[in-house]
Every structure is written in C-alpha cells, then in structure tokens.
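A quick write-up on the structure given underneath.
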Amino acid sequence: MSDLSLSNAASTKFCRSFWRYLEKPLTGLLLTLALSLMAKGFPIVKAHGAEVPEVADRSTLDVTNIVSRSTDLAQFEATNQQTLPDGTYVFGQSPEADQVGSTYLVFEANDEQIVGAFYMPTSSFDCFYGEPEVEHLELTVVNSEDQSEYAHTVELQRDTSVATVGNSAIASLHLTGYHQIDTVSPNDHRILAACKVAQQQLGRN
C-alpha cells in the first residue's frame, strides 16, 4: 500500500472519530435551537432524526383564547343585566282583557322592584309587592279583606324585546299559566295606582 493510501485512510479515520466526538453535542444544540424557535412561533423542525414534540398552531390558540374570553365577557354582562326590564305589565288567564271569571295581574317593574295586583273583572283586587328573580317573581300578596300577607311565586320566562304602548314600556314576558296582554287599560292604571299608594304608605310605617 502506497504512502498516499495510508495517508487517506488515516485522514478518513480521524474525521470519523472527530465527528463521533462532536455528534452528540451538536445534536443536543440543534434540538435546543428547534425548541426555542418553536416556542417563538416558527415551524416545527427535526434535528438528526430526533422528533420535536408537536404543539397546536399558535394562531389557533390565539383565536381560541379570544373566543373564550368573549364568551366569558358575554356571560358576565348577561348576569349583570336587570332581571326584569322596567315597565308596566298586564297578564291574564284569558288572552283577552276583562273576561269574567278570569284572574288578571297588573304590575310595574322599577329598578328590580315590583308593585301590582291580582284582580278579577267587576271584583276586588289584592295588591302585591316583591322582586323578580331569575326564573320567577317572588311576591308578597296583601289580602284586601283583612290585610294579611302571604308569599306567592309566579314562574317566568324572559324575552329581550320591548314594545311601547302609549307612554308605557311593555317588555315581552311569559308567565306560567298567564297570557301577556299588550294593552294597559284605564282600570289597570287605576288598580296599579292604588297599590302603589298603599305600598308607599306601608313603606312609611
């Protein structure tokens, strides 16, 4: 074997040994660099067969975070809205007003407080007061005969639409067992006014 062949063989052996010496440190360095680039949003890379763990695309994560925060904000705002919009409401067991034998209720909601009355046409009426809860009206009814009081609840379902009839705000609302009546009659106004006066007097006592 010539001196040139021996020299080439020795050179090749030295290069292989030197590469084996550097291979592990270089592989670790490339892997660290790949992880650093991935954390900054660069595409995922591979270094010498070592697979970098895949993560979700950052743009997808950002959109998910925005949607999640928007949903949380909407829920927060919904819980802080009024339980019942201010306005005057009339309901009846009959969908038509002034039907003999049917019970009606008229009430005014103002700043989360309710004042109104249950009544039947051509009969007396019982005033009530209370507060709207999320799923029902929490009422205290005053018996017109002996002025005794008793608790009463009416289940409700709310709607966001609000209409105006004359000078009164009529919000769309559903009470279990009753039909909403859009027109507030003079008799409704009379009964409501009497109960508001009675409630104010009760508040002063």
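By the gyration tensor of its Cα atoms, with a ≥ b ≥ c the square roots of the eigenvalues, what is the shape of the stretch 92-161: rounded for a/c under 1.5, prolate for a/b over b/c, or oblate?
oblate
Rank-order 129-139, 108-118 by packing density, defined as the average count of other C-beta atoms within 10 Å over each peptide's residues, highest first.
108-118, 129-139
Please work out the FRET efficiency for the pair Ser124 and Thr83, using the Cβ-Cβ distance as r and a Förster radius of 22 Å; give the result to the nearest 0.05.
That gives a FRET efficiency of 0.15.
Read-outs throughout are calculated quantities, based only on the coordinates presented, and are distinct from any laboratory measurement. All values reported here derive from a predicted model rather than from experimental measurement. All Cβ positions, glycine included, derive from the backbone under ideal geometry; neighbour counts span all protein chains shown.
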